[in-house]
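Input: a single structure, listed below in structure tokens.
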Amino acid sequence: MSVQSLPTPDETTTLAYGVVGQVFFASADRFVAQFDFDKPVKAVSIDLTYAHFWDVTAVSALDKIVMKYRKKGVSVEVFGLNEASKTLVDKFGVHDKHDGKDIIFEH
């Protein structure tokens, strides 16, 4: 699994990432570590077209990434989930739920 920075029209305000490979319990920490949370940007997009999420740990890692950016006031767009991964994220993810912010920051 790898996370690649993608070019954006304005890299001073926007970051884009492309994720390639399998995200599951053994790669979840490495997945999170590949994002730059320190760069001051207004928006982040995460392309998951070439990724597959296998378990709840992978979904939790995605939640952690999205919520960490949102906590800093960064707008986050996640797109490209395949059907199986989308099913997992819909069932277990919190970042795309109305009360997700409250749930994830309780931990």
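The values are calculated or read from the model by the stated rules, or taken from the named source; none is laboratory data. This one's a predicted model, so the numbers in the text were calculated from it and none came from an experiment. Neighbour counts are summed over all protein chains in view; Cβ atoms, including those assigned to glycine, are modelled from backbone coordinates with ideal geometry. Side chains are part of the model used for accessible areas, which takes the heavy atoms of the whole protein and leaves out ligands, DNA and RNA. Shrake-Rupley method; radii C 1.70, N 1.55, O 1.52, S 1.80 Å.
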Would you mind working out the accessible area per residue for the chain, using a 1.4 Å probe, and quoting it in Å²? 58
Three-way shape label, segment 2-89, alpha-carbon gyration tensor, a/c 1.5: prolate
For residue 86, counting only lysines whose alpha-carbon sits under 21 Å away and dropping same-chain residues fewer than eight positions off, the answer is 64, 68, 97, 101
With charges only on Cβ, +1 for K and R and -1 for D and E, what is the dipole size of segment 2-89 about its Cα centre, in debye, rounded to 20? 280
Output the antiparallel fraction of DSSP beta bridges having both residues in segment 2-89, as a percent to the nearest 5. 25
First select every other residue whose beta carbon is under 14 angstrom from the beta carbon of residue 20; then total the charges, Lys and Arg +1, Asp and Glu -1. 0
Where does the charge balance sit around residue 83 when Lys and Arg score +1, Asp and Glu -1, over other residues with C-beta under 14 Å from its C-beta? +1
Which of 52, 87, 62 sits farthest toward the positive end of the charge dipole of the chain, with +1 on the Cβ of Lys and Arg and -1 on the Cβ of Asp and Glu? 62
Give me the percent of accessible area attributable to carbon and sulfur for segment 2-89, probe 1.4 angstrom. 57
